[in-house]
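Enquirer: Sharing a structure below in structure tokens format, with a few things to ask.
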Amino acid sequence: MNLALSVALMTLCGSLGALFFKRGAADVSGLRSLLTSPRLWLGGCCYLVGAALNILLLRGHDYSVVYPLTSLTYVWSLALSAALLHERVTAQKLLGVAAVCLGVFLLTR
């Protein structure tokens, strides 16, 4: 798998993990529900897959490139929060994501 596809998948998994944590947090009322919430388990699994991909990427690529590329998680998070949580996308949020994308572009050139 090439770097771009691997980074996209890794960051998508991280963002999905956070999304499932957000959705699962609404179900938590105590320790038992924290440990038994399917959404929290799914979020944890997404994070685990993202971490495994990160490890594989770090084996074959420079840390100074791979780690900053994890900032693409913010791009996915903005898109998922707008589409699935109906959160408002503001000009400020778009500017922040554009800055992340510019940084990624500069790193990969």
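The values are calculated or read from the model by the stated rules, or taken from the named source; none is laboratory data. Bear in mind that the values here come from a model prediction, so they are computed numbers and not experimental data. Cβ atoms come from the backbone with ideal geometry, glycine included; neighbour counts cover every protein chain shown.
Enquirer: Looking only at segment 1-27, count every residue that is buried (at least 20 other Cβ atoms within 10 Å of the Cβ), free of Cβ contacts under 8 Å to residues at least 40 places away in the same chain and closer than 19 Å to Cys101 by Cα and tell me the total.
Expert: Keep residues of segment 1-27 that are buried (at least 20 other Cβ atoms within 10 Å of the Cβ), which gives 7, 10-17, 19-20.
Cutting the leftovers down to free of Cβ contacts under 8 Å to residues at least 40 places away in the same chain gives us 17, 20.
Keeping just the survivors that are closer than 19 Å to Cys101 by Cα gives none.
Total satisfying the criteria: 0.
Enquirer: Okay, next question. Going through segment 51-100 one residue at a time, which ones are in contact with a helix residue (DSSP H, G or I) (Cβ under 8 Å, 6 or more places away or on another chain), among the β-branched types (Val, Ile, Thr) and either touching a residue at least 12 places away in the same chain (Cβ under 8 Å) or in a helix (DSSP H, G or I) (or both)?
Expert: Correct list: Val65, Val66, Thr70, Thr73, Val75, Val97, Val100.
Enquirer: Give just the number: which of (1) without any contact (Cβ under 8 Å) to a residue 40 or more places away in the chain; (2) crowded, with 19+ Cβ neighbours inside 10 Å; (3) hydrophobic (A, V, I, L, M, F, W, C) does Leu48 not satisfy?
Expert: (2)
Enquirer: Can you confirm whether Val65 is more than 17 Å from Thr11 (Cα to Cα), of a type outside the set (Phe, Trp, Tyr) and surrounded by 12 or more Cβ atoms within 10 Å (Cβ to Cβ)? Talk me through it step by step, then tell me what you get.
Expert: Values: more than 17 Å from Thr11 (Cα to Cα): no; of a type outside the set (Phe, Trp, Tyr): yes; surrounded by 12 or more Cβ atoms within 10 Å (Cβ to Cβ): yes.
It is false that Val65 is more than 17 Å from Thr11 (Cα to Cα), of a type outside the set (Phe, Trp, Tyr) and surrounded by 12 or more Cβ atoms within 10 Å (Cβ to Cβ).
Enquirer: Please name all residue pairs, on different chains or six or more residues apart, with Cβ atoms under 6 Å, provided the first residue is in segment 28-41 and is under 20 Å from Leu16 (Cα atoms) and the second residue is of a type in the set (Val, Ile, Thr) and surrounded by 10 or more Cβ atoms within 10 Å (Cβ to Cβ).
Expert: Final answer for the pair search is Leu34/Val28.
Enquirer: Which members of segment 1-34 meet the condition of being aliphatic (A, V, I, L, M), under 26 Å from Val66 (Cα atoms) and outside any helix (DSSP H, G or I)? Lay out the reasoning, then the answer.
Expert: Initially, segment 1-34 is screened for residues aliphatic (A, V, I, L, M), giving 1, 3-5, 7-10, 12, 16, 18-19, 25-26, 28, 31, 34.
Applying the additional criterion that residues be under 26 Å from Val66 (Cα atoms) yields 1, 3-5, 7-10, 12, 16, 18-19.
Correct list: Met1 only.
Enquirer: Using the structure shown, decide if Leu42 is at pLDDT 95 or above and surrounded by 20 or more Cβ atoms within 10 Å (Cβ to Cβ).
Expert: Values: at pLDDT 95 or above: yes; surrounded by 20 or more Cβ atoms within 10 Å (Cβ to Cβ): no.
The answer is no for Leu42.
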